[in-house]
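Scroll down for the structure; my scribbles are underneath it.
Bear in mind these aren't lab numbers, they're just calculated from the coordinates by the rules spelled out. Keep in mind it's a predicted model, so treat the numbers as computed, not measured. Cβ coordinates were reconstructed from backbone atoms using ideal geometry, including for glycine residues, and neighbour counts include every protein chain displayed.
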Amino acid sequence: MFQPLKKIISQRVNQYVFKKEIAAFNLISEWQSFVCQEFGPEISEKTQATSFRDGVLKVNVSHSALLQELRLREQKFITKINKVLKNPPKLERIIYKISRF
């Protein structure tokens, strides 16, 4: 059966918007497991992904030594995470910030 073009376009736009939001939620939710695989659970608990927007993931870390170590492995994380995301938006950069949480 035929549907009005306006309805079809509206559905497609909503699906795309939600895909971006779902990808952001999944990435933030899975951040701990990526760090856990690389460093173990003790270290992963000292990081916390806070947001993902326009290809940039923001992550809080508990101290500067960990921040440096994560920066050294940033490209490895980006590659690994993008394989999991599969669909846009892709992760392009990670910004780390020292924070108490």
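Quick notes on this structure:
- Filtered by the rule that a residue be outside any helix (DSSP H, G or I) and among the hydroxyl-bearing types (S, T, Y), region 49-91 gives T50, S51, S62.
- Single condition R100 does not satisfy, out of (1) surrounded by 11 or more Cβ atoms within 10 Å (Cβ to Cβ); (2) not in a helix (DSSP H, G or I): (1)
- Hits in region 60-83 - residues which are β-branched (V, I, T) and in contact with a helix residue (DSSP H, G or I) (Cβ under 7 Å, 6 or more places away or on another chain): V61, I81
- In this structure, K80 does not qualify as within 18 Å of F101 (Cβ to Cβ), among the charged types (D, E, K, R) and surrounded by 14 or more Cβ atoms within 10 Å (Cβ to Cβ).
- Residues in region 16-48 that are out of contact with any Cys (no Cβ under 9 Å at 6 or more places or on another chain) and either of a type in the set (S, T, N, Q) or assigned to a loop (DSSP other than H, G, I, E, B) (or both): N26, S29, Q32, S33, Q37, G40, K46, T47, Q48.
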